Amino acid sequence: MKFVMTQAVCPEGMRLLEGKADVYVADHGEPDQYMDEMKEADAFIVRIGKCDKNVIENSPTLRVIGRTGVGYDSVDVEAATRAGIPVVITPGANNRSVAEHAVGMMFALAKNFVEAHNELKNGNWKIRDANKAFELQGKKVGFIGLGAIGMETQALCKAIGMETAGYDPYISREYVEEMGCEYYEDYRELLKVCDFISIHVPLAEATKGMIGVKELSLMKKTALLINCSRGGIVDEKALAEALNTGRIAGAGTDVFAEEPPTTDHPLLHAKNLVYSPHSAAQTKEAVIRMADMCIRGCLAVLNGEKWQYVANPKVYEHPKWAER
């Protein structure tokens with residue numbers, strides 16, 4: 001069997017394929033550029049770039065697509081399902097890493113780390129008197145999205161003494177309140193009262209641009225926004241404007257609508273912003289867990305197993321799977 005990868009997984013994951021499959025590593029996110037390899041692929045691992053309808057329909061031997069993460073907006077899942085191809089994902093593998101990253105950004109903003117670092121590097125010892133740092137204890141953080149990562153982040157925030165509140169239309173009030181988190185039916189109401197807003201929803205039609213000019217205008221002037229979910233959920237131009245005009249006090253983002261962003265991207269030059277290169281899930285531990293789950297899942301599918309962790313469970317209703 002043959003595995004094609006947009007980018008190699010970690011050595012621990014690659015070892016799982018030794019003696020089991022031939023592997024082609026493209027180091028390129030556009031499979032249109034290596035369709036000769038895709039025409040012979042049994043499995044396609046998407047770490048960077050995309051897997052669109054054209055790739056799926058023109059890869060005649062393709063039987064499984066793997067994503068090292070829980071997000072799968074880079075894969076045309078509908079086309080894969082029509083073709084009877086499971087899209088393997090790795091839920092839970094990076095929960096802790098992303099949660100810690102989100103809280104780390106809260107600390108960085110609350111303690112004014114970036115400005116203090118840059119000013120001291122330039123010889124400005126008096127930055128210590130800027131009077132911008134504050135404690136997280138007692139501050140209210142609102143979560144837009146309370147799935148596994150949102151709940152993990154919420155638990156960390158509670159552990160350091162923060163008040164927590166959340167919005168998630170797919171989770172019951174009772175469940176949220178059992179976690180000790182205040183429940184909101186409308187995320188716009190949440191925006192009005194919180195000191196921090198932390199986003200943990202997938203990118204979809206319903207969430208694209210859900211934080212824009214109107215929503216930012218509802219936030220406290222002292223509030224801070226954290227996005228360790230997906231680019232495109234926040235209107236980047238609107239966020240840059242809100243930061244530069246002091247409409248909100250600061251923000252942290254690990255994600256961008258187009259990645260990597262160009263050097264003239266407005267967010268890279270906005271005031272009071274902490275950013276990272278979509279690396280929240282890239283801890284050593286999470287990378288190993290994601291690779292392990294992804295490779296094992298793809299191998300299971302190729303061996304005829306209806307692997308549980310897929311983005312499209314209805315794929316198993318496809319005629320290709322009817323007799324398995």
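The values are calculated or read from the model by the stated rules, or taken from the named source; none is laboratory data. Everything numeric in this text was worked out from a predicted model, so none of it was measured. When we count neighbours, we look across all protein chains shown, and the Cβ atoms used for this are built from the backbone with ideal geometry, even at glycine.
Odds and ends about this structure:
- Restricting region 292-324 to residues that are assigned to a loop (DSSP other than H, G, I, E, B) and without any contact (Cβ under 8 Å) to a residue 12 or more places away in the chain leaves a set whose member that is nearest to VAL88 (Cα to Cα) is GLN308.
For (1) in a loop (DSSP other than H, G, I, E, B); (2) within 26 Å of LEU218 (Cβ to Cβ); (3) touching a residue at least 60 places away in the same chain (Cβ under 8 Å), each residue gets a yes or a no:
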position	(1), (2), (3)
VAL103	no, yes, no
ASN118	no, no, no
LYS126	no, no, no
ASN131	yes, no, no
GLN137	yes, yes, no
VAL141	no, yes, no
GLY150	no, yes, no
GLN154	no, yes, no
GLY166	no, yes, no
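- Number of the exception - ALA223 against (1) in contact (Cβ under 8 Å) with a residue 40 or more places away in the chain; (2) surrounded by 19 or more Cβ atoms within 10 Å (Cβ to Cβ): (1)
Listed here are the residues, each with its yes/no results for (1) over 30 Å from LYS208 (Cα atoms); (2) out of contact with any Leu (no Cβ under 6 Å at 6 or more places or on another chain); (3) among the β-branched types (Val, Ile, Thr).
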| residue | (1), (2), (3) |
| --- | --- |
| PRO86 | no, yes, no |
| LEU109 | no, no, no |
| ALA116 | yes, yes, no |
| PHE143 | no, yes, no |
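- A count restricted to region 232-273 and to residues that are under 21 Å from THR283 (Cα atoms) and modelled with pLDDT of 95 or more stands at 5.
- Hey, ALA270 of a type outside the set (Val, Ile, Thr), surrounded by 17 or more Cβ atoms within 10 Å (Cβ to Cβ), without any contact (Cβ under 8 Å) to a residue 60 or more places away in the chain and closer than 16 Å to ASP42 by Cβ or not: no
- Considering (1) out of contact with any Ser or Thr (no Cβ under 9 Å at 6 or more places or on another chain); (2) within 30 Å of PHE44 (Cβ to Cβ); (3) modelled with pLDDT of 95 or more, the lone condition that THR222 does not fulfil carries the number (2).
- Selection status of GLY145, of a type in the set (Gly, Ala, Ser), surrounded by 12 or more Cβ atoms within 10 Å (Cβ to Cβ) and assigned by TED's automatic domain parsing to the domain that holds ASN227: yes
- Region 70-96 - residue that is crowded, with 20+ Cβ neighbours inside 10 Å and of a type outside the set (A, V, I, L, M) and, of those, farthest from the chain's Cα centre (by Cα): THR81
- Criterion (outside the structural domain of LYS50 (by TED's automatic domain parsing) and within 17 Å of GLY71 (Cβ to Cβ)) met by exactly one of GLY232, GLY250, GLY246: GLY232
- Residue list for region 21-32, restricted to those being surrounded by fewer than 13 Cβ atoms within 10 Å (Cβ to Cβ) and touching a residue at least 24 places away in the same chain (Cβ under 8 Å): none
- Beta carbons closer than 7 Å, at least 6 apart along the sequence or on distinct chains, pair a first residue in region 275-291 that is without any contact (Cβ under 8 Å) to a residue 60 or more places away in the chain and more than 14 Å from THR68 (Cβ to Cβ) with a second that is surrounded by 19 or more Cβ atoms within 10 Å (Cβ to Cβ) and not small (Gly, Ala, Ser) for TYR275/THR253; TYR275/LEU267.
- When every residue of region 295-305 is checked against the conditions, at least one turns out to be surrounded by 21 or more Cβ atoms within 10 Å (Cβ to Cβ), closer than 12 Å to VAL9 by Cα and assigned by TED's automatic domain parsing to the domain that holds ALA43.
- Top-ranked residue of region 34-61 - restricted to ones that are assigned to a loop (DSSP other than H, G, I, E, B) and in contact with a strand residue (DSSP E or B) (Cβ under 6 Å, 6 or more places away or on another chain), ranked as surrounded by the fewest Cβ atoms within 10 Å (Cβ to Cβ): GLU40
- Set side by side, the residues ILE149, ILE65, ILE144 differ, and just one is closer than 20 Å to VAL9 by Cβ and of a type in the set (A, V, I, L, M), which is ILE65.
- Enumeration of residues in region 234-280 that are part of a loop (DSSP other than H, G, I, E, B), more than 21 Å from ALA102 (Cβ to Cβ) and among the acidic types (Asp, Glu): GLU258, ASP264
- Comparison of ALA80, ALA93, ALA99, ALA108 shows that the only residue that is within 20 Å of MET5 (Cα to Cα), in contact (Cβ under 8 Å) with a residue 40 or more places away in the chain and part of a helix (DSSP H, G or I) is ALA80.
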